[in-house]
Amino acid sequence: MDFLGISVVIIAIIVLIAIFLSFVPLGLWVSAVSASVKVSIFSLVGMRMRRVRADRIIRPLIKAQKAGMNVNANQLESHLLSGGHVDNVVDALIAAHRANLDLSFERAAAIDLAGRNVFEAVKMSVTPKIIETPWISAVAIDGIEVRVIAKVTVRANLARLVGGAGEETIIARVGEGIVTTVGSSQNHKSVLENPDSISRTVLSKGLDNGTAFEILSIDIADVDIGRNIGANLQIQQAEADKQIAQAKAEERRAAAIAKAEEMRAEVEKMKAKVIEAEAEVPMAMAEALKNGNLGVIDYYKLQNVQADTAMKDNIGKTDLTKILQKQQQNDKNK
């Protein structure tokens, strides 16, 4: 065989080796074999054909089996194809195994696929987390506002992590319990004297039901006195009563003015009738004198009667004016 033929054979062998290595991650297979992990070349080729990165399966598998976990490549590949985080699940299983927590691969995979960080959840089960609430405002029976900050120590409950409520629910329930406890206190001094009574009462309500956590303790971090809500409400009520009284007084004053105007109009009508009647009296008297039906003595008597009537009328007008002025002064005083 000449030199050209030998070169062609060598090139063909190199191409075949390159094609083989492109389908078979030989380095991963060697790593798996050296770690006593049973995985065949054909399994690695099948992962490449299924477009699964073999390193994302083999390395976590080596780590799990070195830690004594009973996990196989098919489980990890299935979880990866479902969109899970294989490294997080394996790390969580190892941490749970070291802490003697009961956590199976199926539960860990379900927690991971639910969108929660399963490794952080396992760490929280081992090392409890402290959740600090914002300022919670409550009002005691005596009307004094009490502002409270609480620190809630929780531990992740792996059994309820899927479908359980989160930290926001814990904070809301603790806030509700604090408001209820302070609101049932007779006065704010009892709250300041015994802040631990708040934590005991709130903790006894079972606030962690239906959540992904187990509440270990509730501690009152700070207590502060706020506004006097009861006094403010009384001031607002007094102001409202004052405005109602002023409105009613204004209504009575307007009614009195309207009544006075009505009486004044009636008086004017009566005056007009009197003037009209008085205009006819001289003509009637002249006619009576002319006809002899009225004597001179009778005429003078009639004049005296008219003078008395005019005097009484003036007195009546003065009294009516004084009455109206007094009524207006009373309305203003109200």
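The set of residues in region 54-76 that are open to solvent by 10 Å² or more (accessible area, probe 1.4 Å), part of a helix (DSSP H, G or I) and of a type outside the set (S, T, N, Q) comprises 55, 56, 59, 62, 63, 66, 73. Answer with yes or no whether residue 221 is closer than 30 Å to residue 112 by Cβ, aliphatic (A, V, I, L, M) and open to solvent by 40 Å² or more (accessible area, probe 1.4 Å). Here the answer is no, as residue 221 does not meet what is asked. Residue 82 fulfils the conditions (1) more than 48 Å from the chain's Cα centre (by Cα); (2) surrounded by fewer than 19 Cβ atoms within 10 Å (Cβ to Cβ) except for a single criterion, (1). Among residues of region 146-163 that are under 25 Å from residue 187 (Cα atoms) and part of a strand (DSSP E or B), those with a Cβ under 7 angstrom from a residue that is among the hydroxyl-bearing types (Ser, Thr, Tyr) and open to solvent by 30 Å² or more (accessible area, probe 1.4 Å), sequence gap 6+ or separate chain, pair up as 147/137.
Among residues that are at pLDDT 85 or above, open to solvent by 20 Å² or more (accessible area, probe 1.4 Å) and of a type in the set (Lys, Arg), residue 189 is not included. In region 19-43, the residues that are assigned to a helix (DSSP H, G or I) form Cβ pairs under 7 Å with partners that are open to solvent by less than 50 Å² (accessible area, probe 1.4 Å) and modelled with pLDDT under 70, at six or more places apart or across chains, as follows: 41/24. Out of all the residues in region 134-144, is one or more modelled with pLDDT under 90, in a loop (DSSP other than H, G, I, E, B) and open to solvent by less than 20 Å² (accessible area, probe 1.4 Å)? Yes, some residue in region 134-144 is modelled with pLDDT under 90, in a loop (DSSP other than H, G, I, E, B) and open to solvent by less than 20 Å² (accessible area, probe 1.4 Å).
Scanning region 34-63 for residues being touching a Phe, Trp or Tyr at 6+ places or on another chain (Cβ under 9 Å) and modelled with pLDDT of 85 or more gives a total of 0. Taking the residues in region 261-297 that are of a type in the set (Asp, Glu) and modelled with pLDDT under 80 as candidates, determine which candidate is least open to solvent (accessible area, probe 1.4 Å). Here the answer is 287. Total residues in region 92-105 satisfying the condition of being open to solvent by 60 Å² or more (accessible area, probe 1.4 Å) and either assigned to a loop (DSSP other than H, G, I, E, B) or modelled with pLDDT of 90 or more (or both): the figure is 2.
Residues that are more than 48 Å from the chain's Cα centre (by Cα) and either closer than 12 Å to residue 90 by Cβ or open to solvent by 30 Å² or more (accessible area, probe 1.4 Å) (or both) within region 34-53 comprise 34, 36, 38, 40, 41, 42, 43, 45, 48, 49, 50, 51, listed in sequence order.
Taking the conditions exactly as written (open to solvent by less than 20 Å² (accessible area, probe 1.4 Å) and of a type in the set (D, E, K, R)), does residue 112 satisfy them or not? Yes.
The set of residues from region 224-241 being open to solvent by 60 Å² or more (accessible area, probe 1.4 Å), modelled with pLDDT under 80, within 25 Å of the chain's Cα centre (by Cα) and aliphatic (A, V, I, L, M) comprises just one member, 233. The residues listed here are 180, 169; of these, the one that is within 24 Å of residue 122 (Cβ to Cβ), within 22 Å of the chain's Cα centre (by Cα) and part of a helix (DSSP H, G or I) is 169.
When residue 127 is tested against (1) farther than 30 Å from residue 184 by Cβ; (2) β-branched (Val, Ile, Thr); (3) open to solvent by less than 60 Å² (accessible area, probe 1.4 Å), exactly one condition is not met: (3).
Could you run through region 198-218 and say how many residues are surrounded by fewer than 15 Cβ atoms within 10 Å (Cβ to Cβ) and either of a type in the set (Gly, Ala, Ser) or under 16 Å from residue 142 (Cβ atoms) (or both)?
Filtering region 198-218 down to residues surrounded by fewer than 15 Cβ atoms within 10 Å (Cβ to Cβ) leaves 200, 204, 206, 209-210, 216-217.
If we keep only those that are either of a type in the set (Gly, Ala, Ser) or under 16 Å from residue 142 (Cβ atoms) (or both) as well, we get 204, 206, 210, 217.
Residues in region 198-218 being surrounded by fewer than 15 Cβ atoms within 10 Å (Cβ to Cβ) and either of a type in the set (Gly, Ala, Ser) or under 16 Å from residue 142 (Cβ atoms) (or both): 4 in total.
When you look at residue 118, is it modelled with pLDDT of 85 or more, crowded, with 16+ Cβ neighbours inside 10 Å and within 25 Å of the chain's Cα centre (by Cα), yes or no? It is false that residue 118 is modelled with pLDDT of 85 or more, crowded, with 16+ Cβ neighbours inside 10 Å and within 25 Å of the chain's Cα centre (by Cα). When residue 232 is tested against (1) without any contact (Cβ under 8 Å) to a residue 40 or more places away in the chain; (2) within 30 Å of residue 102 (Cβ to Cβ), exactly one condition is not met: (2).
Any chance you could count how many residues in region 145-170 are closer than 29 Å to residue 101 by Cβ and open to solvent by less than 50 Å² (accessible area, probe 1.4 Å)?
Residues in region 145-170 being closer than 29 Å to residue 101 by Cβ and open to solvent by less than 50 Å² (accessible area, probe 1.4 Å): 13 in total.
The values are calculated or read from the model by the stated rules, or taken from the named source; none is laboratory data. Since the model is a prediction, treat every value here as computed from it, not as a measurement. Cβ atoms come from the backbone with ideal geometry, glycine included; neighbour counts cover every protein chain shown. Quick note on the areas: whole protein, heavy atoms, side chains included, nothing else; ligands and nucleic acids left out. Shrake-Rupley method; radii C 1.70, N 1.55, O 1.52, S 1.80 Å.
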